[in-house]
Amino acid sequence: MLTLKGEHIYLRALEPEDLDFIYIIENDERIWEMSTTQTPYSRFLIKQYLENAHQDIYDAKQLRLLISTNDGASIGLIDLFDFNPTHNRAGVGIIIAEPEQRGKGYGKEALRLIKKYGDTHLRLHQLYANIADDNLASIGLFEGEGFRKVGIKKEWNLVNGIYKNELLYQYIYVH
């Protein structure tokens, strides 16, 4: 699918062989704050998830794609969630798994590809993202791709005993 292929990366459907990669990401406590995860996931649960990952976005209301470099290395995940075909919107979240892979433009390229996919195939009117107000890298990424801050959820998430604000960003497609 050309909308999912970029210059340096491509986005692809999840495969059973991705179990170990997803297991590592889902159980990395350093990123639990971003996904509001509080407990680890077992290989069994991830295997079950992968067995159902083929569900259509219109049925599951979500789509998770693996971010891969053109040489086939798995480097992250990008999710469309809370897909609402009635109102033509979806949430978007992205993670580049390893810190040494961040800052190389992979997230920017993945976000551009998912925006194009949302427009071309899902006919979305808007995408939104929820970002912790201290996640400067994500704020820069989303703002750089045309997302605008439209709200602040005060003391929204409790992280290590401290309430943190969460910012709401939107991208409105121009048709």
* Asked: Can you find a residue in region 59-66 that is closer than 28 Å to residue 20 by Cβ and either hydroxyl-bearing (Ser, Thr, Tyr) or touching a residue at least 60 places away in the same chain (Cβ under 8 Å) (or both)?
  -> yes
* For residues that are at pLDDT 90 or above and of a type in the set (Asp, Glu), scanning just region 1-28, find the one that is surrounded by the most Cβ atoms within 10 Å (Cβ to Cβ). => 18
* Do we have residue 129 as exposed (fewer than 13 other Cβ atoms within 10 Å of the Cβ) and more than 21 Å from residue 10 (Cβ to Cβ) here? -> no
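If you scan region 146-162, which residues turn out to be open to solvent by 50 Å² or more (accessible area, probe 1.4 Å) and either modelled with pLDDT of 95 or more or farther than 23 Å from residue 30 by Cβ (or both)?
Narrowing region 146-162 to residues open to solvent by 50 Å² or more (accessible area, probe 1.4 Å): 148-150, 152, 154-156, 158, 160-162.
Residues satisfying the conditions are 148, 149, 150, 152, 154, 155.
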* Structure fact -> Matching residues in region 62-75 (open to solvent by less than 40 Å² (accessible area, probe 1.4 Å) and either basic (Lys, Arg) or touching a Gly at 6+ places or on another chain (Cβ under 7 Å) (or both)) number 1
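Can you tell me which residue is nearest to residue 108 (Cα to Cα) among those in region 134-168 that are assigned to a strand (DSSP E or B) and aromatic (Phe, Trp, Tyr)? Lay out the reasoning, then the answer.
Step one: list which residues in region 134-168 are assigned to a strand (DSSP E or B), which gives 148-159, 162-168.
Adding the requirement that they be aromatic (Phe, Trp, Tyr) leaves 156, 163.
Working: 156: 26, 163: 29 Å.
Ranking the qualifying residues of region 134-168, first place goes to 156.
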* Scan (1) out of contact with any Phe, Trp or Tyr (no Cβ under 8 Å at 6 or more places or on another chain); (2) modelled with pLDDT of 95 or more for the single condition residue 143 breaks and write down its number. => (1)
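The values are calculated or read from the model by the stated rules, or taken from the named source; none is laboratory data. Predicted model, so just to flag it, every value in this text is computed and none were measured. We place every Cβ from the backbone using ideal geometry, glycine too, and count neighbours over all the protein chains shown. The area values use the complete protein model at the heavy-atom level, side chains included, leaving out ligands, DNA and RNA. Shrake-Rupley method; radii C 1.70, N 1.55, O 1.52, S 1.80 Å.
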